Amino acid sequence: MGWGDLWYALLGLMLAAYVALDGFDLGAGAVLGLVARGEKERRLVIHSLGPVWDGNEVWLLAAGGVLVLAFPRVYAAAFAGFYLPLMLALWLLVFRALSIELHHQVEHTLWRPFWDLAFSLSSGLLAVVLGAALGNVVRGVDADADGRFFHALFTDLSGDPPLGILDWYTMLAGLCSLAALGVHGSLWLNWKTTGTVQARAARAARWLWPLALLIFAALSLATFHVQPLVPLALRIRPWGWALPLGALAAAGFSRWALGRGREGAAFAGSAAYLLGLLASAAFGLYPALLPSAGIGPALTVANSASGDYALRSALYWWLPGMALAAAYFVILYRSLPPKFNED
């Protein structure tokens, strides 16, 4: 394994940390209307996220920094080609942060419901956008001979060239993300809240799990159709079947634990399910970071990684930095109360 392969794995690890951590607060925001009815209940949901939501987003920023460092050609192509959805994701992140910070600033009957709605909508839309972004990567991009591309927001939604950001496959990926993160957020609230919010969160997780798995099954079949790299990878390295099967096993364990009142175990199973999905995608695409659906070459570990000296030197900085970040998150989550309540 070369230095580029190592950084491919490290990039995937950081994205997985982001999805597992920030995923639950996106999901909790998306299901806000299902689990909280009055002002006190909505405050309880946001209070359970308040100590951690901004820290969770550090992993996304750090992953972006790793992309610039390790695979600058992919960074340049992706940020130019995906300019529209990246700006949309940025504005959703900003609007979501504003909804949390500004909600309590004014005592008015219209002010707080507006920001509650903004928080829920921005959280749900961000889950969809992130899922559609992953769908674009898995499907491939319409690259030219130099590996550059630019996609309109949508074309005819068919998935045939000229490609758009949104088509039937990427929208299915967005719905899969929304359902999976909705489960994850509901399980966090079931674990960390009390009273009627906890009861509604458990109920939401119970009916969202079958929906999430059904969409995942449809997306898996669609992926075999739109991206030939995935079935090829499984034929060459059949051990890769363990990743999606492990994700399904984690989902089954989470649902079993939920039914038996093991709240923390149910949440951990959901996190493992998300990690299994991401690991399956990374396995199926490797060594490509941006597969090509056009006339140009795919951007792979081999043709887009920085030099060995840069990657080796960067690792000396990455290791202590990640150790500090991991220690911070361990201390942060251990300092949280066992349950948040409405008082």
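Worth pointing out:
- For the chain, modelled as a GNM whose springs connect Cα atoms under 10 angstrom apart, the maximal fluctuation among G55, G131, G307 occurs at G307.
- Relative contact order computed over the range 1-160 (Cα-Cα under 8 Å; 6+ residues apart), in percent: 30 percent
- Relative contact order computed over the range 175-334 (Cα-Cα under 8 Å; 6+ residues apart), in percent: 18 percent
- Relative to the longest principal axis of the Cα atoms of the chain, the long axis of helix 308-334 lies at roughly 10 degrees.
- Most mobile listed residue (N303, N136, N56) in the chain, GNM with C-alpha springs under 10 Å: N303
- Residues whose placed amide H lies under 5 Å from that of T193, excluding near-sequence neighbours: F340
- Amide H contacts of S292 (H built 1.01 Å from N, in plane; Pro and chain starts excluded): V141, A298, L299 sit under 5 Å, all sequence-distant by 5 or more or on other chains.
- Comparing V19, V128, V106 in a Gaussian network model of the chain where C-alpha atoms under 10 Å apart are linked, the largest mean-square fluctuation is found at V106.
- Nearest-ten-degree value, helix 39-49 long axis tilted from longest Cα axis of the chain: 40 degrees
- 10 °C / 1.306 mPa s Stokes-Einstein diffusion coefficient of the range 126-174, Kirkwood radius on C-alpha pairs, µm²/s: 149 µm²/s
- Packing order of peptides 262-273, 26-37, highest average first: 26-37, 262-273 (average count of other Cβ atoms within 10 Å over each peptide's residues).
- Under the criterion of Cα pairs below 8 Å and six or more residues apart, the relative contact order for the chain equals 25 percent.
- Degrees separating the helix 195-226 axis from the principal Cα axis of the chain, which is the longest one: 20 degrees
- Estimated from helices alone, the mean residue ellipticity of the chain at 222 nm is -25000 deg cm²/dmol (sum of -39500 (n - 2.57) over DSSP H runs with n ≥ 4, per residue).
- Global form of the range 1-107, assessed from the alpha-carbon gyration tensor, a/c cut-off 1.5: prolate
- Separation of alpha-carbon centers, the range 192-206 and the range 13-29, rounded to whole Å: 19 Å
- Dipole magnitude of the range 1-135 about its Cα centre (Cβ charges: Lys, Arg +1; Asp, Glu -1), debye to nearest 20: 160 debye
- Extent along principal axes [Cα atoms of the range 167-216; Å; largest to smallest]: 41, 15, 12
- Protection proxy ranking of 243-253, 325-335, 279-289 - average other beta-carbon atoms within 10 Å, highest first: 279-289, 243-253, 325-335
Each reported figure results from applying straightforward, stated rules to the coordinates on display, with no laboratory input. Please read these numbers as outputs of a predicted model, since none were measured by experiment. Backbone-built Cβ (ideal geometry, glycine too); neighbour counts: all protein chains shown.
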